[in-house]
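A quick write-up on the structure given underneath.
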Amino acid sequence: MLSSPVTSAYGESSSSGHSSKTLSGTHIVSIIGIKKDKSFDPNPIEIKAGDSVTWTNDDDDIHTVTSGSSEGPTIGQDFDSGTLASGESFTHKFDNPGTFEYFCSFHESMTGKVVVK
């Protein structure tokens, strides 16, 4: 699986609960932060195997996109964005079907889920 930090988003985030998708098979998730009702939008996001997700930090605080859960033994094993400042993005390609949980390592109450069909 490929993961790469990038500095700009490939599309626009969605507040409707549906993913935005570019022609390249990349879905966009907005990192909203802990002061809103949702931490990530859309959440959960449903994609096809082989598609990618780009998370963009649309908050003023720093965040991460780290696979697993804050209490699990698999923290960061599938992907880890590292620190994302406001406006920065991270992309990960999901090759295999499954459900992938993730969280922000700075704000453990911020959790999300990618469902790959």
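Bear in mind these aren't lab numbers, they're just calculated from the coordinates by the rules spelled out. Fair warning: this is a prediction, and the values are worked out from it, not measured in the lab. Quick reminder, even Gly has a Cβ in these numbers, built from the backbone with ideal geometry, and neighbours come from all protein chains shown.
Tabulated values for the structure
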{"quantity": "Phe40 long-range amide H proximity, modeled H, under 5 Å", "calculated": "Ile32"}
{"quantity": "Approximate spin-label separation Ser70-Lys117, in nm, with each point projected 7 Å along Cα-to-Cβ", "calculated": "3.2"}
{"quantity": "Distance (nanometres) between label positions extended 7 Å along Cα→Cβ at Lys38 and Ser109", "calculated": "1.8"}
{"quantity": "From phi via Karplus (6.51, -1.76, 1.60), per-residue ³J(HN,Hα) for region 97-106 in Hz, x at Gly/Pro", "calculated": "x, x, 10, 10, 8, 8, 7, 9, 5, 8"}
{"quantity": "Peptides 56-69, 81-94 ordered by average Cβ neighbours within 10 Å, highest first", "calculated": "56-69, 81-94"}
{"quantity": "Euclidean distance of C-alpha centroids, region 25-55 and region 83-99, integer Å", "calculated": "8"}
{"quantity": "Approximate spin-label separation Asn96-Gln77, in nm, with each point projected 7 Å along Cα-to-Cβ", "calculated": "1.0"}
